[in-house]
Amino acid sequence: MGLMGEIIVAIIVGLLSGALGSVLGPVVVYRLRRRERQEEREREIHSELRQMIEERFDDCGQVMGQTFRIAVYVQRLSPLDAYRRAMADEVAERADRPYHRWQPYRITDETLRRLAEQLHDRLNELRTHHISVMTMDIDRWRAEASEIDNHLREIERQARLRLDELRW
């Protein structure tokens, strides 16, 4: 093949690559943009889920604070009045706070979902335990509340670690 043949091959390859580039270019750009939009949406979803879980962490702090307030109030009030006063304090603290609906089924990571559900269940258990201040010996009530509180803190620690591992 002579110089002329090489020039003809080069022209044909150039024309084909130009035609192929003009056809494939928009397809590649479309797919890249679509992928970017999907990744952005996943980041938004993960951010929403993290906020939902972070709100449960905040709830843990509030409910633990409520436990402390009940224990303090019960020293000078009846158990019923101590519970009512602590509940009124909690309602006042939550009044202006935005709140995400609890939707643990949206959490795609099995480990994190399990931890979030455990956190939520223990949180509800502690809230329910607060009511028992009216029927239980105060020392026993404090000991059980402390046990639930310690377990809640451990679950919260594990959930925070998992969130950090996932980089949500």
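Quick note: the coordinates plus some simple rules give every number you see, no bench work behind them. Here the structure is a predicted model, which means the values were calculated and not measured. Cβ placement follows ideal geometry from the backbone for every residue including glycine, while neighbour counts extend to all protein chains displayed.
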**Q.** CD proxy at 222 nm, helix term only [per DSSP H run n ≥ 4: -39500 (n - 2.57); per residue of the chain; nearest 500]
**A.** -30000 deg cm²/dmol
Q. Which one of 157, 50, 97 has the biggest mean-square fluctuation once the chain is modelled by GNM with Cα springs under 10 Å?
A. 97
Q | Helix 110-131 vs. the chain, principal-axis angle (Cα, 0 to 90°, nearest 10) | A | 20
Q | Shape category assigned to the chain from the gyration tensor of Cα positions, a/c cut at 1.5 | A | prolate
(Q) Placing +1 on the Cβ of each Lys and Arg and -1 on the Cβ of each Asp and Glu in segment 33-121, which of 73, 100, 57 has its Cα farthest towards the positive end of the resulting dipole? (A) 100
Q.
Counting other beta carbons within 10 Å of each residue's own, what order do 166, 115 fall into, fewest first?
A. 166, 115
Q | Residue among 83, 73, 30 with the largest mean-square fluctuation in a Gaussian network model of the chain, springs linking Cα atoms under 10 Å | A | 30
Q: May I ask you to sort 133, 27 by Cβ crowding, counting other Cβ atoms within 10 Å and putting the fewest first?
A: 27, 133
